[in-house]
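Only the coordinates and a few stated rules stand behind these numbers; no lab work does. Bear in mind the structure is a predicted one, so any value in this text is a computation, not a measurement. We place every Cβ from the backbone using ideal geometry, glycine too, and count neighbours over all the protein chains shown.
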Amino acid sequence: MGQYLPLITLLVLTGVFGAVSVVVSRVLNPPRPTEAKSSAYESGITDITEPPERFPVRFYLIAMIFIVFDIEIIFFYPFTMVYSELGWYGVIAIVIFSAAVFESFLYLISNGALDWGPARISRRSVIASDPDRTSTTTVRRVGADGRAFALDGEES
């Protein structure tokens, strides 16, 4: 048990320090919320519009791409530490891994996953800009059967 005494002491001191910091902060500077303190603030710009209720799916896709490439970098670090022990097997394994990630990166670029603004509009396919495709021909109405009025206001 004596071998764990420094660890237990450190945990107790950490907890005491955290509790004392919170108490002293509340005593010296009690919370006084104002509208200015509660408003959203980013880079000196006050937001004028209300935020959307949901983020677009594109936001999450970019976040996932970022995470995939972060994980690739994390896998490179252990390889560099044991490079001499792995030999050619390690080199071949890391080349295969890098090729798979690079191929997925090229696929994302070719499909416009990283395009923003006007360049994204110019990549639209012919199918997406077909004048015969409308919301009534491509959107399947679910749950409209048996209602007095359909979702677009026409009687069913």
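Treating r as the C-beta distance of ASP70 and THR49 and R0 as 41 Å, the FRET efficiency rounds to 0.85. Compared with the direct C-alpha span, the chain from THR80 to GLU35 gains 11.0 nm at full extension, assuming 0.36 nm per residue. Remark: spin-label model distance THR9-ALA93 equals 4.2 nm, labels positioned 7 Å along the Cα→Cβ axis.
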